[in-house]
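Beneath this line is the structure, given in structure tokens, with notes to follow.
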Amino acid sequence: MTDILTDPHFKELLTSLAVGDITLITGTVWLLIATALSMVGGAIGGMWLAGKDIGYQFSALLGGLFGPAGMIPAILLGLFIMKYLTN
């Protein structure tokens with residue numbers, strides 16, 4: 001673990017993420033983070049909306065799968081707009 005934290009490429013990635021530089025790597029990292037968060041949000045929303053009707057586990061599974069379906073295009077569009085506005 002200490003090797004990862006002392007790696008200069010990893011330090012450069014963390015610096016780019018903190019500063020707000022949008023490159024291919026940082027965009028991919030932000031996309032993965034946002035996808036994971038949208039899966040969690042979709043699962044919670046699915047359980048909240050349809051938990052009693054079709055079961056909490058099944059509704060969480062469906063919500064987790066369908067949550068990122070609408071979020072990924074919006075995230076990509078937002079990253080492209082942010083990249084365009086910073087130039």
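Just so it is clear, none of the values below were taken in a lab; they were calculated from the coordinates. All values reported here derive from a predicted model rather than from experimental measurement. Don't worry about glycine lacking a Cβ; one is built from the backbone with ideal geometry, like all the others, and counts go over all protein chains shown.
What the table below lists for this structure:
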| quantity | calculated |
| --- | --- |
| Cut-off 14 Å between beta-carbons: net charge of the residues surrounding LYS11, Lys and Arg +1, Asp and Glu -1 | -4 |
| Mean separation of Cα contacts under 8 Å (6+ apart) over length of the chain, as relative contact order % | 26 percent |
| Label-to-label distance, nm, for residues given as LEU13 and VAL40 (7 Å Cα→Cβ offset) | 1.9 nm |
| Convex hull per residue volume in Å³, alpha carbons only, for the chain | 111 Å³ |
| Charge dipole (the chain, unit charges on Cβ, about Cα centre) - positive-most of ILE75, LEU31, SER59 | SER59 |
| Table column - 3J(HN,Hα) (Hz), segment 79-84, Karplus curve with 6.51, -1.76, 1.60, x for Gly and Pro | 5, 5, 5, 5, 5, 5 |
| Karplus-derived 3J(HN,Hα), 6.51/-1.76/1.60, for each residue of segment 47-55, Hz, glycine and proline x | 5, 5, 7, 10, x, 6, 7, 10, x |
